[in-house]
Amino acid sequence: MNRLDITFLHLQQQGRKALIPYLTAGYPDACITPALMHVMVEAGADVIELGVPFSDPSADGPTIQAASENALRQGIGLPQVLDQVRRFRESDTDTPVVLMGYANPIERYDLLRQPGAFAADAAAAGVDGVLVVDYPPEVSGDFAAQLRCHGIDLIFLLAPTSTERRIRQVAERAGGYVYCVSVKGVTGTTALDIAQVRDTLARIRQHVRIPVGVGFGIRDAGTAREIAQVADAIVIGSWLIESLAGKPGAEALGAASDLIRDVRRQLDRDVPEQDQAFKPEYSKS
């Protein structure tokens, strides 16, 4: 079992839901990312989604677009992101890390090195899953095989507009968890429809047997708790990025910790205290 499998298994045994914050690597400054990852784990995050900065993030709204542009100006690309994961792993060998981004940086990484270099280097750095927004299941076969060879899960997006055929395709190929987009739109939207999320999850679970997380449009702890009643995981992105804007190092760390701690408290309101304190440990053996 890998880190993602272990984490979701233990959460299920405890009757808890996964909290997955999304960070744009290198934001709000180039060096802060490993420290942000650590404070969020301490505050109650179960999995970290680390966004790879890209110049044309088509699925992202203005907040994450601006964060990517800021990180790119500071020289943060895929090699630097992998280095940030390595630094995080120096003192955290248990928390799953998922890279989220687009095909172009990955393809360029392999082009400048050799085919399959990204998968090998990501595994060596300590990456557990990869979500590539513009790699739909029908074109991801070779990439998925490369990741599988190194024990990395390929994670897919599904949306309210996904057809039954697409859901079945994702069910056949996905690992770790499936990311359910809660809205018809980009990240950061405020038009979240709880009833629609419930209906979408019901359709997905007719075919998908691994955990399903929900993201896009979750902007307060109360909404996170409400979504968690029907989802296996909650993904917090634009709301978290906005909380970091314009803050120097210590203030950014404090803001991230406070936000994640508040959401964790809401998600665990009905969970016995002894279960909340338990943290699974990962072992390659």
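The values are calculated or read from the model by the stated rules, or taken from the named source; none is laboratory data. Everything quoted here is computed from the prediction, not taken from an experiment. Counting neighbours? That spans all protein chains shown, and the Cβs are built from the backbone with ideal geometry, glycine included.
Of VAL41, VAL81, VAL52, which residue is in contact (Cβ under 8 Å) with a residue 12 or more places away in the chain, farther than 18 Å from LEU240 by Cα and under 15 Å from the mean Cα position of the chain (by Cα)?
Sole residue among the options that is in contact (Cβ under 8 Å) with a residue 12 or more places away in the chain, farther than 18 Å from LEU240 by Cα and under 15 Å from the mean Cα position of the chain (by Cα): VAL81.
Just wondering, is there one or more residues in region 53-60 that are at pLDDT 95 or above, crowded, with 19+ Cβ neighbours inside 10 Å and out of contact with any Pro (no Cβ under 7 Å at 6 or more places or on another chain)?
For region 53-60, residues at pLDDT 95 or above, crowded, with 19+ Cβ neighbours inside 10 Å and out of contact with any Pro (no Cβ under 7 Å at 6 or more places or on another chain): present.
Being surrounded by 13 or more Cβ atoms within 10 Å (Cβ to Cβ) and of a type in the set (Val, Ile, Thr) is the filter; apply it to region 134-171 and report the residue that is farthest from GLY213 (Cα to Cα).
That would be ILE152.
Got at least one residue in region 57-68 being in contact with a Gly (Cβ under 6 Å, 6 or more places away or on another chain) and assigned to a strand (DSSP E or B)?
Looking only at region 57-68, we keep the residues that are in contact with a Gly (Cβ under 6 Å, 6 or more places away or on another chain), and these are 61, 63.
Within this subset, residues satisfying the condition of being assigned to a strand (DSSP E or B) are none.
No - not one qualifying residue is present in region 57-68.
Give ALA124, ALA119 a once-over and let me know the one that is buried (at least 19 other Cβ atoms within 10 Å of the Cβ), modelled with pLDDT of 95 or more and assigned to a helix (DSSP H, G or I).
ALA119
Mind listing just one residue for me: the one in region 10-52 that is assigned to a loop (DSSP other than H, G, I, E, B) and hydrophobic (A, V, I, L, M, F, W, C) and, of those, surrounded by the most Cβ atoms within 10 Å (Cβ to Cβ)?
Across region 10-52, the extreme among qualifying residues is ALA25.
Filter region 81-106 for residues that are polar (S, T, N, Q) and either touching a helix residue (DSSP H, G or I) at 6+ places or on another chain (Cβ under 8 Å) or crowded, with 18+ Cβ neighbours inside 10 Å (or both) and give the result.
GLN84, SER91, THR95
Kindly indicate whether ILE204 is of a type in the set (Val, Ile, Thr), within 21 Å of LEU267 (Cβ to Cβ), in contact with a helix residue (DSSP H, G or I) (Cβ under 8 Å, 6 or more places away or on another chain) and in a loop (DSSP other than H, G, I, E, B).
no
The conditions are (1) among the basic types (Lys, Arg); (2) more than 18 Å from GLY213 (Cα to Cα); (3) outside any helix (DSSP H, G or I), and ARG86 fails exactly one of them. Which is it?
(3)
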